[in-house]
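Below: one structure, written as structure tokens.
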Amino acid sequence: MFNLFKKPVRCEIVSPVDGISIPLEEVPDPVFAQKMMGEGIGFRYAGEWVASPMNATVLLVAETRHAVGLKGANGAEVLLHIGMDTVELQGRGLEVFVKPGKKVKAGDPLVRIDRAFMEQKQIDLTTMIVVTNSREYRVEIMPTGQVKTGDLVLCADR
């Protein structure tokens, strides 16, 4: 009854890299492109660092270091997935700086990429951010194009 006066809780999700944001449908992985994991956005970039896209608690770090799960204050769960076929590298070429349970702020470093190693292995480093529980949220995607780390790219409102 008193929820009428409650403000919606907004979760702002920012670019984790300097580069180009692309529609999720253009990501070269059908699981993400068909939004089977949730609504989101992709990134093409040249740097070595991937930052936290939001203020959150780390839920999971994949054993293979290619993915980090985060949970925002409003309950939005976000998966940051680095590259195509990076799972097959078994963690090589990726250095993770967080553990489950750690609180992070938008812009905090999460993963360092050994770009030379990735290029040698011919790995496509297109990186995706998806709101895995997006059915519970109104997800708004900002216009795609050139982005800097920290630029707003998604909002997940409850």
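A few remarks follow.
- Taking first residues from segment 118-144 that are closer than 15 Å to Glu25 by Cα and aliphatic (A, V, I, L, M) and partners that are surrounded by fewer than 17 Cβ atoms within 10 Å (Cβ to Cβ) and at pLDDT 95 or above, the Cβ contacts under 7 Å between residues at least 6 apart in sequence or on separate chains come to Met142/Leu152.
- In segment 142-155, residue surrounded by the most Cβ atoms within 10 Å (Cβ to Cβ) [restricted to those that are part of a strand (DSSP E or B) and over 13 Å from the mean Cα position of the chain (by Cα)]: Val147
- Checking Val31, Val14 one by one, the residue that is of a type outside the set (S, T, N, Q) and free of Cβ contacts under 8 Å to residues at least 24 places away in the same chain is Val31 and no other.
- In segment 87-121, the residues that are in contact with an Asp or Glu (Cβ under 6 Å, 6 or more places away or on another chain) and of a type in the set (Gly, Ala, Ser): Gly93
- Condition check for Glu63: acidic (Asp, Glu), farther than 22 Å from Arg135 by Cα and in a loop (DSSP other than H, G, I, E, B): yes
The values are calculated or read from the model by the stated rules, or taken from the named source; none is laboratory data. In this text the structure is predicted, and so the values were computed from the model without any measurement. A quick note on method: Cβ atoms are made from the backbone with ideal geometry, for glycine too, and the neighbour counts reach across all protein chains shown.
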